[in-house]
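Trainee: Shown below is the structure under consideration.
Every read-out reported here was derived from the displayed coordinates using simple, explicitly stated rules and does not represent laboratory data. Computed from a prediction, not measured in an experiment: that's the story for all the values here. Cβ coordinates were reconstructed from backbone atoms using ideal geometry, including for glycine residues, and neighbour counts include every protein chain displayed.
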Amino acid sequence: MKTRIVGDVSALPDHEFGLKSIVWWGLLGFMAIESMGFVLAIGAYLYIRGINDSWPFPPDQSPALLPGIVTTILLLASEVLNRWTARRAKAYDERGVKLGVTGMIAAGVIIIIARFFELPNLHTRWDVNAYGSVTWLLMFLHTLHIITDWADTGVMGGWLFTHKMEPTQFSEVYDNCGYWTFVVVSWLPIWALVYLAPRFM
Amino acid sequence: MTRPPRKPRKPVASGAISDRVLEPAAEAELELTWKDPPGFWGWLVTTDHKRIARRYLVTAFLFFGLAGLGAVAMRLQLSKPENTLLSAARYNEIFTMHGTTMMFLFAVPIMEAVAVFLVPLMIGARALAFPRLNAFSYFVYLAGALTLWIGFILNIGPDVGWFAYTPLSGPEYSPGHRSDIWAQMITFTEIAALAVAVNLTTTIFKMRSPGMTLSRVPLFVWAMLITSIMTILALPAVMLASSLLMSDRLLATQFYNPAEGGDHILYQHLFWFFGHPEVYIIFLPGLAFVSSITATFSRRPVMGHIPMVLSQIAIGFLAFGLWVHHMFATGLPHLGDSFYTAASMAIALPSGVQIFCWIATLWAGKPVWKTPLLWVVGFIVTFVIGGLTGVMVASVPLDLQLHDTYFVVAHFHYVLIGGAVFPLFGAFQYWFPKFTGRLLSETAGKWQFWLFFIGFQLTFFPMHILGLLGMPRRVYTYPSGLGWEPYNQIATLGGVMLFTSVLIFVINVLVSLRRGALAGDNPWDGPTLEWATTSPPPPYNFMLTPVVDSREPLWEHREELPVMEGLSTAKREVLTSSPSEAEPISRQASPEPSIWPFLSAIATTIVLLGTIFSEWALVWGALPLGVVLTGWFWPKRPRAGGEAQ
């Protein structure tokens, strides 16, 4: 059909940050899916807790607190660096972004190592009873998120050094930082359930 | 790197009014930019939402046919008492394949496929937000569908019903891999459906044409948005349910083992937390089709646009509060039962509001009785009957009597076929010209409709009576003398009519593809933007970006459509806009065709099929998956200190 030109969009920018970027909305969608996964897994934990008299099941002991606290502190500390990296990305600071992403890759390695110290200290196995199964479910889901986001950050970080940085890369780094925040925040209720519920519920 | 200079955040208004579109050279460049490579390679690498939607439609329809053949086999088996056409075991497999295929391989994907084709066109966008994700979703869906059906052909198909309740599907009662195939088919199809849902949600929020504020978004797009959000919130539940089932079977976890503190009812909660919204995930797109068809063929906008949107949102919310009504027979606390009864009855209200709005639209309009509108009327009649029986089984005492009888089979077929398949056939007839450039035959369409409508009532209405007489679901045969024979025979006769109707549709499609009348851009004088472009649309959808200032832009601007220029013709570029007011924000790059979505789907398939046999597939399978995902996102920008690759 015939058209009538009423405007010109060629002067608009070719990238945006956060809610103005379509990639960020895609990430929001996937975070919503994963949040539902976490919520339902937490629901399953509480459901199984609700139908059983003892928690954990004898002779299992509650998970050792210290490894979980260490991982939590490390995750929260990484979030400080993560937020700094996000601010550097928004400021188009190439050096700062490279430094921040390198730091996040290193932080990821330390957190993954800390997580593998947590697992034997859960004092249960996934196949002994429903308490063990659902505890390992929560840990598995969160560990999967740490590993996948670490791998993603690693690949992205590699490209920051091997390829020229263009404005859209700052937006990508900013989005990736947002996802790590999700990984950190989602850990807090899981930590409370895995470590405190066996003691206080 | 220093901060790039900021460009203006608003488009520049053009004072000039011009009839020109693009210069011929720019038009040729645009065509070249968005064109796929030729041949089979182009088929593999395309990211064009329309091509991918068409293959989704064809694939989902093929599985509809296969599941329909299963239904015919079941109806023939039940046409007389103590029939030996099918064995008990084969019957179990067939009803499982029928339900699983219809729900996971047909209903959800085909509705999403229609949305994938039409949503970008209706909002005036050049592409979906994530074209490669869309391509990936199709290949993953196809792999899941083939897993299920190849399993069936190899005689390791699932036989535990479409919802695969534990303990029947668990390690104790289902040794072998039948249940594993069902569970992994869930993972495949849900990954695909979730990818599409995220894609549609982002596209609708972020890529609407300038001026298409939320209050001007077509009802079709609203329905697809709500469906997509529901998909995002509901589908993780079934993935979790089936993953825990796999885990119990493969890793000896104890989620569903009461002997070790687990619970079978947990499975039912997780399944139905998905399963009930799923009904509305299938049904809301049906409403989308009905709204579009009703407006076009009533020659007026749908009455009560805002109540319609609010009703759809209300359905989206309430759908998550009903799941326990599938579990009344499990002996849950009475207070809970009362809540879910109330919620189940409450959802009839927003459904009723919409029915009245469509009837009012027809009443106040000048209906043109083309085939798509016949399907709308068929939908209203059938869906209202299904809705009323739904209110009946929302009542706990009645549900306990009717649970697991043919009454429930009748109810959900009235709702699902009435609410989704009737509108879907109407949608095929209505949008076929946009999909293909040619019209379907009206005569064949009317034959198809009447055979389907009468055949449907003959098949499923007697099942209400069979249920009241006490005939249980999922029995492969029954003794004579119970008074069930005549109703089963009528149902089988109706089934044959349904089969004939679908056959006419297939022939109509095949003949019309070659000899159908050429449609032109807007054969029905439709009001929404998909009719502003050619039939079928070019790879870039619109040469220039439409500008919208009403809910029915093509009825508002019959002579000339206001547009904006300025998107690149030399590279793939899409316009992004603000979520509420649709103010243009930026021009963002859109991906080129790529083989990586296909390779990623293969790597995903290797992981998912591997985990049927070994938990270590999750570990070693991650390596090829990581490699292909790295390839997918490999940067095209220049090397540091070097030239562009």
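Trainee: Can you find, among A:T143, A:V184, A:T124, the residue sitting farthest towards the positive end of the charge dipole of chain A, where Lys and Arg contribute +1 and Asp and Glu -1 at Cβ?
Mentor: A:V184
Trainee: Tell me, what is the FRET efficiency for B:A570 and B:I606 to the nearest 0.05, using R0 = 51 angstrom and their Cβ-Cβ distance as r?
Mentor: Numbers: r = 38 Å, r/R0 = 0.75.
Efficiency, rounded to the nearest 0.05: 0.85.
Trainee: Can you compute the radius of gyration and Dmax for chain B, using only the Cα atoms, both in Å?
Mentor: For chain B, the Cα-based Rg and Dmax read 25.3, 87 Å.
Trainee: Ok, one more. Within segment A:126-141, what residues put their amide N at less than 18 Å from the label point 7 Å along the Cα-to-Cβ vector of A:L196?
Mentor: A:135, A:138-139
Trainee: So what J values fall out for segment A:70-80 if you push phi through Karplus, 6.51 cos²θ - 1.76 cosθ + 1.60 with θ = phi - 60°, rounded to Hz, Gly and Pro as x?
Mentor: Computed from phi, the couplings for segment A:70-80 are 4, 4, 4, 4, 5, 4, 5, 5, 5, 5, 4 Hz.
Trainee: Order of B:H276, B:H305 from fewest to most other C-beta atoms within 10 Å?
Mentor: On the way: B:H276 24, B:H305 19.
Sorted ascending by nearby Cβ count, the order is B:H305, B:H276.
Trainee: Continuing with this model, one more query. Tell me, B:I385, B:I315 in order of fewest to most beta-carbon neighbours within 10 Å?
Mentor: B:I385, B:I315
Trainee: With 30 Å as the limit, write out which pairs from B:K35/B:K636; B:K35/B:K370; B:K206/B:K434; B:K50/B:K571; A:K164/B:K35; A:K98/B:K35 have Cα-Cα distances beyond it, or answer none.
Mentor: Check vs 30 Å cut-off fails for B:K35/B:K370; A:K98/B:K35.
Trainee: Let's see if you can work this out: charge +1 on each Lys and Arg Cβ, -1 on each Asp and Glu Cβ, no other charges. What is the dipole magnitude of chain A about its Cα centre, in debye to the nearest 20? Walk me through the numbers on the way to the answer.
Mentor: Values: 14 positive and 16 negative charges, 62 e Å.
That gives a dipole near 300 debye.
Trainee: Let me ask something else about it. Starting from 0.36 nm per residue, how many nanometres of slack lie between B:E442 and B:A589 once their C-alpha separation is accounted for? Don't skip to the answer; put the middle values down first.
Mentor: Details: separation 147, 0.36 × 147 = 52.92 nm, distance 4.19 nm.
Net length gain for the segment: 48.7 nm.
Trainee: Another question, then. Which value, in debye to the nearest 20, gives the size of the charge dipole of segment A:103-201 about its Cα centre, when Lys and Arg are +1 and Asp and Glu are -1 at the Cβ? It would help to have the intermediate numbers written out before the result.
Mentor: Numbers: 4 positive and 7 negative charges, 71 e Å.
Result for segment A:103-201 is approximately 340 debye, rounded to the nearest 20.
Trainee: I've got another one for you. I want to check the label-to-label distance for A:I69 and B:E31. Put each point 7 Å from Cα in the C-beta direction and report it in nm to one decimal.
Mentor: 7.2
Trainee: Return the sequence-ordered ³J(HN,Hα) values of segment B:494-501 in whole Hz as given by the Karplus equation 6.51 cos²θ - 1.76 cosθ + 1.60 applied to θ = phi - 60°, using x for Gly and Pro.
Mentor: Each residue of segment B:494-501 in turn: x, x, 5, 5, 4, 4, 4, 4 Hz.
Trainee: So who's got an amide H within less than 5 Å of the one on A:H163, skipping anything under 5 residues away but keeping other chains? H placed 1.01 Å off N, in plane.
Mentor: B:A640
Trainee: Let me ask another. Amide H to amide H, which residues 5 or more places from B:E565 or on other chains are under 5 Å from it, using H placed in the peptide plane?
Mentor: Distant-sequence amide H within range of B:E565: A:V6, A:G7, A:D8, A:V9.
Trainee: Right, next: List the residues whose amide H sits under 5 Å from the amide H of B:T405, counting only those 5 or more places along or on another chain, with H placed 1.01 Å from N in the peptide plane.
Mentor: Amide H to amide H, under 5 Å and 5 or more residues apart or across chains, B:T405 pairs with B:R473.
Trainee: Treating only the Cβ atoms of Lys and Arg (+1) and Asp and Glu (-1) as charged, compute the dipole magnitude of the protein assembly as shown about its Cα centre; round to the nearest 20 debye.
Mentor: Numbers: 54 positive and 54 negative charges, 315 e Å.
Taking the Cα centre of the protein assembly as shown as origin, the dipole is about 1520 debye.
Trainee: Let me ask another. Obtain the nm distance between the two label points defined at A:S35 and B:V58 by a simple spin-label model: each point lies 7 Å from its Cα along the Cα-to-C-beta direction.
Mentor: Here the answer is 4.0 nm between the modelled labels.
Trainee: Within 14 Å, Cβ to Cβ, of B:G70, how many net charges do the neighbouring residues add up to if Lys/Arg are +1 and Asp/Glu are -1? Please list the in-between numbers first.
Mentor: Numbers: positive: B:R75, B:R90, B:R474; negative: B:E93, B:D159.
Every neighbour counted, the sum reads +1.
Trainee: Relative contact order, percent, of segment A:66-200 when contacts are C-alpha pairs under 8 Å separated by at least 6 residues? Don't skip to the answer; put the middle values down first.
Mentor: Numbers: 108 pairs, mean separation 50.7, N = 135.
Reported as a whole number, the value is 38 percent.
Trainee: Another question about this same structure. Mind telling me which of A:V184, A:V155, A:V173 comes out most flexible in a GNM of chain A, alpha-carbon contacts under 10 Å?
Mentor: Comparing A:V184, A:V155, A:V173 in a Gaussian network model of chain A, the most mobile one is A:V155.
Trainee: Once the Cα atoms of helix B:442-468 and of chain B are each reduced to a long axis, what angle between those two axes, in degrees from 0 to 90 to the nearest 10, is obtained?
Mentor: 30
Trainee: Peptide A:42-49: average number of partner chain Cβ atoms within 10 Å per residue?
Mentor: Values: counts 0, 6, 10, 0, 0, 6, 6, 1.
Taking the mean over all residues of the peptide, I get 4.
Trainee: Right, next: Which whole number gives the average, over all residues in B:205-217, of C-beta atoms from other chains lying within 10 Å of the residue C-beta?
Mentor: Details: counts 5, 9, 2, 0, 0, 3, 2, 0, 0, 0, 0, 0, 0.
Average neighbour count from other chains, rounded to a whole number: 2.
Trainee: With labels modelled as points extended 7 Å from the Cα through the Cβ direction, what inter-label distance (nm, one decimal) is found for B:L332 paired with B:N155?
Mentor: With each label placed 7 Å out from Cα toward Cβ, I get 4.1 nm.
Trainee: What Kirkwood hydrodynamic radius, in Å, does chain A give when the mean of 1/r is taken over all pairs of distinct Cα atoms and then inverted?
Mentor: On the way: mean 1/r = 0.0530 Å⁻¹.
After inverting the mean inverse Cα-Cα distance, the result is 18.9 Å.
Trainee: Let me check I've understood the local charge: for B:M122, count other residues with C-beta under 14 angstrom from its C-beta, Lys and Arg +1, Asp and Glu -1. What total comes out? Please list the in-between numbers first.
Mentor: Numbers: positive: B:K50, B:R126, B:R208, B:R216, B:K434, B:R551; negative: B:E530, B:E552.
Neighbourhood net charge equals +4.
Trainee: With 10 angstrom as the radius, rank A:L76, B:L105, B:L374, B:L362 by how many other C-beta atoms surround their C-beta, starting from the fewest.
Mentor: On the way: A:L76 13, B:L105 28, B:L374 23, B:L362 20.
Ordered by Cβ neighbours within 10 Å, fewest first: A:L76, B:L362, B:L374, B:L105.
Trainee: Continuing with this model, one more query. Specify which residue in the list B:T545, B:W524, B:F130 is farthest towards the positive end of the charge dipole of chain B, using unit charges on the beta carbon of Lys, Arg (+1) and Asp, Glu (-1), about the Cα centre.
Mentor: The one lying farthest along the dipole's positive direction is B:T545.
Trainee: How crowded by other chains is B:255-262, given as the mean number of beta carbons from other chains within 10 Å of each beta carbon? Walk me through the numbers on the way to the answer.
Mentor: Values: counts 7, 2, 3, 2, 2, 9, 16, 10.
Averaged over the peptide's residues, the number is 6.
Trainee: With the contact rule set at Cα under 8 Å and sequence spacing of 6 or more, what percent relative contact order holds for chain B?
Mentor: On the way: 1050 pairs, mean separation 133.1, N = 645.
Taking the mean separation of contacting Cα pairs over the length of chain B, I get 21 percent.
Trainee: Select from B:Y340, B:F328, B:G352 the residue farthest towards the positive end of the dipole of segment B:57-589; place +1 on Cβ of Lys and Arg, -1 on Cβ of Asp and Glu, and compute about the Cα centre.
Mentor: Looking along the dipole axis, the top candidate is B:G352.
Trainee: What percent do you get for the relative contact order of segment B:351-486 when only Cα pairs under 8 Å and 6+ apart count?
Mentor: Working: 105 pairs, mean separation 45.2, N = 136.
In percent, rounded to a whole number, it is 33.
Trainee: A further question follows. Under 15 Å from the Cβ of B:A622, count the other residues' Cβ atoms, weight Lys and Arg +1, Asp and Glu -1, and hand me the total.
Mentor: Working: positive: none; negative: A:D149, A:D152, B:E615.
Taking every Cβ under 15 Å from that of B:A622, the sum is -3.
Trainee: In addition: Determine ³J(HN,Hα), in whole Hz, for all residues of segment B:112-119 in sequence, where each value follows from phi through the Karplus function 6.51 cos²θ - 1.76 cosθ + 1.60 and θ = phi - 60°; x replaces Gly and Pro.
Mentor: Calculated HN-Hα couplings, in order: 5, 4, 4, 5, 4, 5, 8, 4 Hz.
Trainee: How much FRET efficiency would the formula 1/(1 + (r/R0)^6) give for B:A252 and B:R514, where r is the Cβ-Cβ distance and R0 is 51 Å, rounded to 0.05? Display every interim value, and only then the final one.
Mentor: On the way: r = 57 Å, r/R0 = 1.12.
Working from the Cβ atoms, E equals 0.35.
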